[in-house]
Amino acid sequence: MTAFSLDPEQIARCAELRTLAAERLRPLAEKGEPGHVNRPLVAALGELGLLDALFEGRSEGGGAGAGPPGEASGALDLCLTRESLAYACTEAETAFALQGLGAHPVHAHGSPEQRERWLPPVRAGHAVAAFALSEPGAGSDAAALSLAAEPDASGGWRLTGEKCWISNAPEADFYSVFARTSPGAGARGVTAFLVPADRAGLTGTPLDMLSPHPIGALAFDGVRVGTEDVLGEVDRGFRVAMTTLNRFRPSVGAFAVGMAQSALDATLAHTAERTAFGGTLKDLQSVGHQVAEMATRTEAARLMVYAAAAAYDSEGPQSPGIARRAAMAKLIATETAQYVVDAAVQLHGARALRRGHLLEHLYREVRAPRIYEGASEVQRTIIAKELYAAHEEEPPA
């Protein structure tokens, strides 16, 4: 199997996931309240064993359940799962992905005690995780975060400051939090902490956002964390954040590809049936060319996502080029999905803007992935930086 073809088992699994999402998960999603964690949906993801895909492969930090070095991380499987879920139920996909994003720092960098305490309930869908990196003044520039971790007399730290735009906040059960332990040190002075939601001094506020999943702000008022709460190493938390994002960025692209494919299939069905000007819409050359462009861009994005995930699996998260591939995959897939969904709305006309229509839903969902986990502009910056670094390392011809 190469990065550019799926084996029959993978194809069958994707079809099974689409059916599962449509028949078992979408009814639960429809009962959820926008802006709040849909705990029955998260629990169903656990009961169906879908959350297990988030924790396959090795752990960089060792601990219980860690695989041997070099073991496949399952990044491609993660992408296939996210794409398939997104095609049939974006709410299920998002709930699935947020469990992975919030808990991956624990899986990859946590101590045996942290992993044994939190990963089983996350996998079962009984505990909700969140990834707390962004701040009011540090979104795209993650190295500029200012949440202060000040030493206290007990040998631990007190967290003081704010986090903002945090998915699953303020309703998560624990947060992977990134705070500044060494002022003035930039990316080298950040430490990752596992902070349970019931820790004294931690409060949260929901934000009314376009996306239907919960997003909130967190306030830290002298929240106590100890050495037992550190994820990875002190002052090495930026690496925890970036390796997490490198793993999940291609799968954000997979989420986008799933939405694009859903919009494309809806467009094919609509234009094949809708009559206009003495025939069907598909008989108009302008429509046919538009659909061809939508399909070509979607397939190109899909292949880049698969290639980035396959490289992560075969080479590991620290290998040269992994960050560039991840950034390219997220960039092209999210920009493509925006284009495809917008084109699908145009070809459907006014009906696509009616509340409850699939494309009205996708139109709202597709916008955020171009911003979160690194906006498109950030991805271009990463790509350029990696390209020039590789160029400078090349020996003269």
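State whether the residues of region 96-113 include one that is of a type in the set (F, W, Y) and either within 16 Å of V230 (Cβ to Cβ) or touching a strand residue (DSSP E or B) at 6+ places or on another chain (Cβ under 9 Å) (or both).
The answer is no, given that none of the residues of region 96-113 is of a type in the set (F, W, Y) and either within 16 Å of V230 (Cβ to Cβ) or touching a strand residue (DSSP E or B) at 6+ places or on another chain (Cβ under 9 Å) (or both).
Scan (1) touching a residue at least 60 places away in the same chain (Cβ under 8 Å); (2) among the charged types (D, E, K, R); (3) not in a helix (DSSP H, G or I) for the single condition R325 breaks and write down its number.
(3)
For residues that are within 18 Å of V345 (Cα to Cα) and not hydrophobic (A, V, I, L, M, F, W, C), tally how many sit in region 230-284.
Of the residues in that region, 12 qualify.
Can you pull out every residue in region 247-276 that is in a helix (DSSP H, G or I) and of a type in the set (G, A, S)?
Residues satisfying the conditions are S251, G253, A254, A256, G258, A260, S262, A263, A266, A269, A272.
Can you report the number of residues in region 167-203 which are crowded, with 19+ Cβ neighbours inside 10 Å, assigned to a strand (DSSP E or B) and not β-branched (V, I, T)?
Summing the residues that are crowded, with 19+ Cβ neighbours inside 10 Å, assigned to a strand (DSSP E or B) and not β-branched (V, I, T) in region 167-203 gives 11.
From the list E393, E373, E386, pick out the single residue that is exposed (fewer than 12 other Cβ atoms within 10 Å of the Cβ) and closer than 28 Å to H109 by Cβ.
E393
Of everything in region 268-303 that's polar (S, T, N, Q) and under 26 Å from the mean Cα position of the chain (by Cα), which residue is farthest from R325 (Cα to Cα)?
By that ranking, first place goes to T296.
Condition check ((1) in a helix (DSSP H, G or I); (2) surrounded by fewer than 19 Cβ atoms within 10 Å (Cβ to Cβ); (3) in contact (Cβ under 8 Å) with a residue 24 or more places away in the chain) across all residues:
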site	(1), (2), (3)
Q10	yes, yes, yes
R13	yes, yes, yes
L17	yes, no, yes
A21	yes, no, yes
P27	yes, yes, no
E30	yes, yes, no
E33	no, yes, no
H36	no, yes, yes
V42	yes, no, yes
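So, in region 347-397, how many residues would count as being over 24 Å from F255 (Cα atoms), part of a helix (DSSP H, G or I) and of a type in the set (D, E)?
So the answer is 3.
Regarding region 117-138, can at least one residue be identified that is farther than 21 Å from G100 by Cα and of a type in the set (K, R)?
Taking every residue of region 117-138 in turn, none turns out to be farther than 21 Å from G100 by Cα and of a type in the set (K, R).
Restrict the check to region 149-165 and report whether at least one residue is within 19 Å of F238 (Cα to Cα), of a type in the set (S, T, N, Q) and surrounded by fewer than 22 Cβ atoms within 10 Å (Cβ to Cβ).
yes
Read-outs: derived from the displayed coordinates by stated rules, not from any lab. What you see is a predicted model, and the numbers here were worked out from it, not measured in a lab. Counting neighbours? That spans all protein chains shown, and the Cβs are built from the backbone with ideal geometry, glycine included.
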